[in-house]
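Notes to accompany the following structure.
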Amino acid sequence: VQDEAGHGLYLYSATETLGITRNELIHQLQTGKAKYSSIFNYPTLTWADMGAIGWLVDGAAIVNQQSLRRTSYGPYSRAMVRICKEESFHQRQGYEIMSKMSNGTPEQQEMAQDALNRWWWPSLMMFGPQDSDSAHTSNAMKWKIKRETNDDLRQLFVDRTVKQADLIGLEIPDPKLKWNPETKHYDFGEIDWEEFWEVVNGNGFCNKVRINNHINAHAEGQWVREAALAYAEKTQNGV
């Protein structure tokens, strides 16, 4: 949790170099103007979800973030270097949890497979809409903000993860998944894009809960921010 909070601070700091304030960014988040990763709007139900999230969610994030280390925007690129190192640890930890459970008792095996079943498709959605439906991919690629498209990154994730699942005896929940000898990639089924857009537009399983929790936590933590600011001012003034 501490690592993930730090990642948010890195990226807010990078965004502030564009001339927007932290308070403005938080206001945009809390009012729904700013988007955040769709994956955070799904509930965690069992301990196995901890493993699935580390393995799949952080694994998907790493695929995207490794590409963004080469983004043309320097502050963002530099933030990605440290973030990738920390996410790699999270991914390995999650995969180890899933490996242990998939080789454990029948109940643990069932729990691990259930977590994979529930988190597989949301993880694929993390790469964003199809390239044909992405409003920003064209310019982002032209300006080298993005170095690979959504669909290319999603395919890379699938190719990596299918092999990892096979190694620990878990089955990807996609009956259309198959190796394509011509493309040298895995073909996979259609993502539920209706669900994707519902979540992106604030109508997912946990959207409202997540935002309300953020608003409450931000309000309850105001005294901490004020105390830290007062201490910093006293320190600067030599008090």
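Values quoted throughout were computed directly from the atomic coordinates according to the rules given, and no laboratory measurement underlies them. The model shown is predicted, which means the values in this text are computed figures rather than measured ones. Note that each Cβ is placed from the backbone with ideal geometry, even for glycine, and that neighbours are counted across all protein chains shown.
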* Answer residue from the stretch 69-109, given it is touching a Gly at 6+ places or on another chain (Cβ under 6 Å) and hydrophobic (A, V, I, L, M, F, W, C) and is surrounded by the most Cβ atoms within 10 Å (Cβ to Cβ) among those -> 98
* To do: Name every residue in the stretch 154-180 that is touching a Gly at 6+ places or on another chain (Cβ under 9 Å) and farther than 14 Å from residue 190 by Cα, in order of residue number.
  => 157, 160, 161, 164
* Return the total of residues in the stretch 10-31 being under 18 Å from the mean Cα position of the chain (by Cα) and under 19 Å from residue 206 (Cα atoms). => 1
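So that you can scan it fast, the table gives a plain yes or no per residue for (1) under 20 Å from the mean Cα position of the chain (by Cα); (2) farther than 30 Å from residue 108 by Cβ; (3) among the hydroxyl-bearing types (Ser, Thr, Tyr):
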| position | (1), (2), (3) |
| --- | --- |
| 146 | yes, yes, no |
| 153 | yes, yes, no |
| 179 | no, no, no |
| 186 | no, no, yes |
| 189 | no, no, no |
| 216 | no, yes, no |
| 228 | no, yes, no |
| 233 | no, yes, no |
| 238 | no, yes, no |
* Structure fact -> If we ask which residues in the stretch 22-61 are within 19 Å of residue 9 (Cα to Cα), touching an Asp or Glu at 6+ places or on another chain (Cβ under 8 Å) and either surrounded by fewer than 20 Cβ atoms within 10 Å (Cβ to Cβ) or polar (S, T, N, Q) (or both), their number turns out to be 2
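Does residue 6 meet the test of being over 23 Å from residue 114 (Cα atoms), more than 13 Å from the chain's Cα centre (by Cα) and not charged (D, E, K, R)? If you could, list the steps in order and put the result at the bottom.
Values: over 23 Å from residue 114 (Cα atoms): yes; more than 13 Å from the chain's Cα centre (by Cα): yes; not charged (D, E, K, R): yes.
Yes: the conditions hold for residue 6.
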* Asked: Is it the case that the stretch 104-124 has a residue that's acidic (Asp, Glu) and within 25 Å of residue 195 (Cα to Cα)?
  -> yes
